[in-house]
Amino acid sequence: MTDPILPAAAPPADGSAADGPNRRLYIETVGCQMNVLDSELVVGALRKRGFEVTSDPDAADTLLFNTCSVREKAEQKIYSSLGRLKYRKRKRPGTVIGVLGCMAQKDKDLVFRKMPHVDLVVGTGQLAEVPDLIDAARENALRGSKSRLTALSLSRKGGARKEIEASFESYDPLREPTMRPTPHQAFVRVMIGCDKFCTYCVVPSTRGPEQSRAPSDVLKEVQVLAGQGVKEITLLGQTVNSYKHSGEGKTYRLSDLLYLIHDTPGVERIKFVTGYPRDLGDDLLEAIRDLKKCYHYLHVPLQSGCDDVLKVMKRGYTVEQYRDMMHRVWETVPGCSVSSDFIVGHPGETEESFEKSVDSVREFRFKNSFIFKYSPRPGTKAHERLADDVPDEVKRRRNNELLAVQNEVSEEENARKIGEEVSVLVEGPSVRQKKTDEPAAPGEAIQLTGRTRCDRIVVFDGNPRLIGSTTQVHVDDCTGTTLIGSIVTREVTHLGGLPVLV
Ligand code: SAM
Ligand code: SF4
């Protein structure tokens, strides 16, 4: 994922590294929503130091790469972007190049060895230090010093838990409204880290121990965001429904947190990702059933439809237990949509076990699934102990097959919505609209996009004035990924007797 946040800015007149008001920042973000949020917060802090943001790397004097280590491909992408900057650094030595986040945390030495022109690496827990480190790195660079700067969290492998927890402290300063992906939507972190240790996954070592933020801090952040015009809040955590915070007189779970933030004036919709199947309690399902602002949508990755593979993955549940969970979801919140992640070609996945994943997509009718080819990650149990025994072409074929079945299911489920009237929170112009070169005349309808309460994407023609509001849309047609609709208009007779369409 490339950074979606940034507006373009004009290049500096002299093309040189600059200080003060001429500071220009380019930031590239790879990975999950957690990384998008981290970048948003770092950019907010740098703006306060006078940085302007540019989407053109050639116009920047500071280039940051917020990285992901979950799959090898994400790392390769960053290395190739960094590689292209070698010559640039030689030509403009005052340029500062920084690597942030998971890859920095995991591979500091490797990054410096492969990319000697990188000035700083900053781990997931130290992002608050980025502005000072950039200043120090620029001074170094301008003095011709070859020293490089690092700020990293403690490794999980040694030390007391308290110390490690402190080194991975969450970084959630209050933000500038301009730094969000859209003005009406914002992420709020409620947890950091993960203690689940699935065998294939690098997150527990790059993001550290599981820690839940105090409910009062979360509420304060939601209130500020609502005051800035945010209508939709997405609560973030690696296993967000494992949220648990003791203090302030009681133990809060995610359901309590939903009740706490629900009545915040201005907030219209609330969702949370990513859910962990084993921890999906009835209290949470009842909360999303009873609280009218909650999405009827859950992302609870199954990962594999085969018990043997789930056991090797150490996911902590069987398919039967996942099935029970799905029945509880359907019974408590009828119509709730559920999406999943799958890994294909995990060590030990036979053709027969893969077929069970295919069957699970048909049985559980996921709204959509993110499907990944297994990628062995150094530092994980799977990498240390299990042979990567599924050839790449088999992984690719399984990926395509599973995706094709998921697309079929998605289209069938979307088709069931044709003829319904759905309530849509309007996010902005659709992807197609953004690609059109011709600007719309004032008041002219454009193609808009938004989401239903079940998190289905809807496109329809409407006045751009609707962006940020909730509107009723009639579903006329669909594809596997999108509902296609038209705004519901009702005739209202005003006092003067003139009919007005709303
Ligand atoms: N915490 C979430 C959960 O447990 O479902 C997932 C977080 S992980 C950052 C996002 C997804 O990446 C996972 O659900 C998994 O499907 C995928 N993933 C993680 N490690 C992987 C690996 N080594 N190879 C391929 N996919 C991987
Ligand atoms: Fe990784 Fe498993 Fe934690 Fe998800 S629950 S972040 S897959 S270790």
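Quick rundown of the values:
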read-out: Residue-averaged [θ]222 nm for the chain, counting only DSSP H segments that reach four residues, each worth -39500 (n - 2.57); value: -10500 deg cm²/dmol
read-out: Glu351 paired with Arg88, simple spin-label distance in nm, labels 7 Å along Cα-to-beta-carbon; value: 4.8 nm
read-out: The stretch 385-486 - charge dipole about Cα centre, Lys and Arg +1 at Cβ, Asp and Glu -1, debye rounded to 20; value: 320 debye
read-out: Rg and Dmax of the stretch 114-226, Cα atoms only, in Å; value: 17.1, 47
read-out: Residues with amide H under 5 Å from that of Glu52, placed H, sequence gap 5 or more; value: Arg23, Arg24, Leu25
read-out: About the Cα centre, charge dipole magnitude for the stretch 267-361 (Lys/Arg +1, Asp/Glu -1 at Cβ), debye; value: 480 debye
read-out: Centre separation in Å (Cα based) which lies between the stretch 195-260 and the stretch 292-365; value: 23 Å
read-out: Shape box of the stretch 331-391 [Cα atoms, principal axes, largest first, Å]; value: 43, 25, 16
read-out: The stretch 413-469 - convex hull of alpha carbons, volume per residue in Å³; value: 87 Å³
read-out: Square roots of five times the Cα gyration tensor eigenvalues for the stretch 238-358, Å; value: 31, 16, 12
read-out: Alpha-carbon Rg/Rh ratio, for the stretch 392-488, with Rh computed the Kirkwood way; value: 1.09
read-out: Net charge contributed by nearby residues that have their C-beta within less than 10 Å of Ala137 (K/R +1, D/E -1); value: -2
read-out: Where N is the number of residues in the stretch 168-285, Cα Rg divided by 2.2 N^0.38 Å; value: 1.06
read-out: Cα gyration tensor category, rounded, prolate or oblate, for the stretch 241-306 with a/c compared to 1.5; value: oblate
read-out: Rough spin-label spacing in nm, given labels placed 7 Å along Cα→Cβ, for Asp195 and Glu401; value: 3.9 nm
read-out: Computed log₁₀ I(q)/I(0) - Debye formula, equal Cα scatterers, no solvent, the chain, q 0.07, 0.12, 0.13 Å⁻¹; value: -0.41, -1.24, -1.42
read-out: Positive-end residue of Val203, Val344, Ser255, charge dipole of the chain with Cβ unit charges; value: Val203
read-out: Loop GluC sites (Glu not before Pro), the stretch 396-451, which have at most 15 other Cβ atoms in a 10 Å radius of their Cβ (DSSP); value: Glu420, Glu444
read-out: Where a label projected 7 Å from the Cα of Glu412 along Cα→Cβ would reach, residues of the stretch 351-371 with amide N under 14 Å; value: 358-368
read-out: The stretch 206-293: GluC sites (Glu not before Pro) in DSSP loop, at most 10 other beta carbons within 10 Å; value: Glu248
read-out: Where only alpha carbons of the stretch 291-344 are counted, the Rg and the Dmax (Å); value: 12.6, 39
read-out: DSSP beta bridge pairing in the stretch 327-454, given as percent antiparallel to the nearest 5; value: 45 percent
read-out: Beta bridges per DSSP with both ends in the chain, % antiparallel, nearest 5; value: 40 percent
read-out: Environment charge at Lys293 (Cβ cut-off 13 Å; Lys +1, Arg +1, Asp -1, Glu -1); value: +2
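Read-outs throughout are calculated quantities, based only on the coordinates presented, and are distinct from any laboratory measurement. Just so we're clear, the structure is a prediction, and the values are computed from it rather than from any experiment. Don't worry about glycine lacking a Cβ; one is built from the backbone with ideal geometry, like all the others, and counts go over all protein chains shown.
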